[in-house]
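Undergrad: For reference, the structure I am asking about is given below.
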Protein chains: 2
Amino acid sequence: MRILLIEDDRVIGTAVREQIEADGHSVDWAMRLDTAADALAGAKFDLLLLDLMLPDGRGIPFLKSLRAKGSTTPVIILTALDQISDRIEGLNAGADDYLVKPFDLAELSARIGSVARRYAGNPNPVLSLGDLTIDQAARRVEREGKAVALTAREWVLFEAFLQNPAQLLSKAKLEERLYSYDAEIESNTIEVHISRLRKKLGADVITTERGMGYRLGRS
Amino acid sequence: MRILLIEDDRVIGTAVREQIEADGHSVDWAMRLDTAADALAGAKFDLLLLDLMLPDGRGIPFLKSLRAKGSTTPVIILTALDQISDRIEGLNAGADDYLVKPFDLAELSARIGSVARRYAGNPNPVLSLGDLTIDQAARRVEREGKAVALTAREWVLFEAFLQNPAQLLSKAKLEERLYSYDAEIESNTIEVHISRLRKKLGADVITTERGMGYRLGRS
DNA sequence: ACAAAGCTGACAGCTTGCTGAACGGTGTGA
DNA sequence: TCACACCGTTCAGCAAGCTGTCAGCTTTGT
């Protein structure tokens, strides 16, 4: 397995690298987000280990933008004990697991193993929704047996509904999901994407609740 | 959320139960594997907290047989520091997370929250009111099991009552809530909205107190 | 029984959302 | 390197349904 380690602390980084290599994986080590981005552009990784505090930015927006671009690479977050909110936000942003520093190296091995296993052999859990079949892990949607191609933004949006079934999601919430932070957007981008999703997936997949937001499901 | 705690140590068990209940979840506590199995047979749980050393057996085989039966209920393992190999085996057996004793109770809350989020089943506290079921976080109301569609204004109004149960709310107070301040409205808007709410939710959801205002609940 | 307070059906205006079209940016293949 | 395809955003005109108003009716308290 090829693993990208993004971590600016030399002591931790060295220990992690040695452990992973001892487990028989290969490691690339980036100490900044920009070099990490370069590495990702240049090669395909099976797993990312992502520290949240880096010299040139925070890990969460990085992860969000990665997911927005359509990456499905599993991510394990490495974080300090006092960053609970970050960890939760990290899981929301699309991380698969997290480890709290200081962590035991055997734990790291176990987590890597279980994430890898989750993505490897076992067939993905498939969701049914009306005439739709959804494989979340593979980012694949079929309608009446035929594959539907969703763009990156469309998928991020749709995924938000899948992960919050029956919840009302305001446009603000959805924007927050599409755009890492900031985003005081005065446009109807969300509406347009919703429109396209409905066109591809069927009109009644997403319900409008006027003045409040959107919800997965009919009526 | 309904949680099954499987733990034979009374001190730890009590602390865990209190923490979880403080977080607003309900807890069933089994001190042996056989009573845990009974509990699982009799009710549906959203999460299992599983100690690995119990008087009538070890937790790992228990977890394995649970998974073999097809259960997908999330499981968090509670384990002592010196049982690293067990923890690794636990993740392999299908656990979702683990905590090392002695653990911080805030850490427990965070892990429960994130596991729950990952499974995103029905994490919201649900309120019952006569034949109504209300999920405030999801902005969802059901009457006799069927979803009721509230408009934005109607929801704001209804929410005011939910957040001030048994309180008398004057029309002025309610107007203030609907319209950001100012609002020198010389009409019966509130009455109209109350009327519409009663039509959708049932006549006795909101009581009129003549000359004073409205109150949640019958008579 | 009377007056005051509250209720509710109808309706028009207006906010909100929908969607086709066009534009600009980015990446891709020849 | 250039042309092309694709994606995301913006805009404008249109459609839909929410919301406030009002009038006439019902209820309540005295």
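Undergrad: Please say if segment B:1-46 is rounded, prolate or oblate, where rounded means a/c under 1.5 for a ≥ b ≥ c the square roots of the C-alpha gyration tensor eigenvalues, and otherwise the choice is prolate for a/b larger than b/c and oblate otherwise? Present the calculation step by step, with values, prior to reporting the outcome.
TA: On the way: a/c = 3.87, a/b = 1.19, b/c = 3.26.
Oblate, since a/c reaches 1.5 and b/c is not below a/b.
Undergrad: Tell me which residues come under 5 Å, amide H to amide H, from B:ILE77 once H is placed; ignore anything under 5 positions away on its chain.
TA: B:LEU50, B:ASP96, B:ASP97, B:TYR98, B:LEU99
Undergrad: Let me ask something additional. Of A:LYS44/A:LYS200; A:LYS44/A:LYS64; B:LYS44/B:LYS64; B:LYS146/B:LYS171; A:LYS64/A:LYS171; A:LYS199/B:LYS146, which pairs sit farther than 20 Å apart, going by alpha carbon to alpha carbon?
TA: Numbers: A:LYS44/A:LYS200 30 Å; A:LYS44/A:LYS64 18 Å; B:LYS44/B:LYS64 18 Å; B:LYS146/B:LYS171 30 Å; A:LYS64/A:LYS171 18 Å; A:LYS199/B:LYS146 27 Å.
Checking Cα-Cα distances, A:LYS44/A:LYS200; B:LYS146/B:LYS171; A:LYS199/B:LYS146 exceed 20 Å.
Undergrad: Now, a different point. Which ³J(HN,Hα) values in Hz, rounded to whole numbers, follow from the phi angles of segment B:154-162 under the Karplus curve 6.51 cos²θ - 1.76 cosθ + 1.60, where θ = phi - 60° and Gly and Pro get x?
TA: Karplus-based 3J(HN,Hα) across segment B:154-162 equals 4, 5, 4, 5, 4, 4, 4, 6, 4 Hz.
Undergrad: Please list, in chain and number order, the residues 5+ apart from A:VAL27 or on another chain whose amide H is under 5 Å from its amide H, with Hs placed from the backbone.
TA: Answer set, sorted by chain and number: A:ILE3.
Undergrad: With +1 on each Lys and Arg Cβ and -1 on each Asp and Glu Cβ, how big is the dipole of segment A:126-216 about its Cα centre, in debye rounded to the nearest 20?
TA: Details: 14 positive and 14 negative charges, 53 e Å.
Dipole size: approximately 260 debye.
Undergrad: Moving to a separate point now. Measuring from centroid to centroid over Cα atoms, what is the spacing of segment B:1-19 and segment A:184-211 in Å?
TA: 44 Å
Undergrad: Additional query: Express the relative contact order of segment A:126-216 as a whole percentage, based on alpha carbon pairs under 8 Å and six or more residues apart in sequence. Provide the component values of the computation, followed by the final result.
TA: On the way: 100 pairs, mean separation 23.2, N = 91.
This gives 25 percent for segment A:126-216.
Undergrad: Cα convex hull of segment A:9-77: how many Å³ per residue?
TA: Values: hull volume 5.7 nm³, N = 69.
Spelled out: Cα convex hull of segment A:9-77, divided by residues, is 83 Å³.
Undergrad: Using a cut-off of 13 Å between beta-carbons, work out the net charge of the residues near B:GLY13 (Lys and Arg +1, Asp and Glu -1, B:GLY13 not included).
TA: -3
Undergrad: Going by average Cβ neighbours within 10 Å, how do the peptides A:161-169, A:16-24 rank, with the highest at the top? Walk me through the numbers on the way to the answer.
TA: Details: A:161-169: 18.7, A:16-24: 15.1.
Final packing ranking: A:161-169, A:16-24.
Undergrad: Then there's this: For segment A:126-216, compute the orientation-averaged projected area of the C-alpha convex hull (one quarter of its surface), in nm².
TA: Values: hull surface 23.0 nm².
Projected area, direction-averaged: 5.8 nm².
Undergrad: Amide H neighbours of B:ILE206 under 5 Å, counting only residues 5+ apart in sequence or on other chains, H built in-plane at 1.01 Å?
TA: B:GLY217
Undergrad: Once phi is turned into θ = phi - 60°, what whole-Hz ³J(HN,Hα) does the Karplus curve with 6.51, -1.76 and 1.60 give for every residue of segment B:29-38, x standing for Gly and Pro?
TA: Whole-Hz 3J(HN,Hα) from phi for segment B:29-38: 10, 10, 9, 9, 5, 5, 5, 4, 4, 4.
Undergrad: Now, a different point. Ordered shortest first, which distances in nm separate the 7 Å Cα→C-beta label point of B:THR151 from those of the other copies?
TA: Copy-to-copy label distances for B:THR151: 3.4 nm.
Where a number appears in this text, it was derived from the coordinates with a stated rule and is not lab data. Bear in mind that the values here come from a model prediction, so they are computed numbers and not experimental data. Cβ: placed from backbone, ideal geometry, glycine included. Neighbour counts: every protein chain shown.
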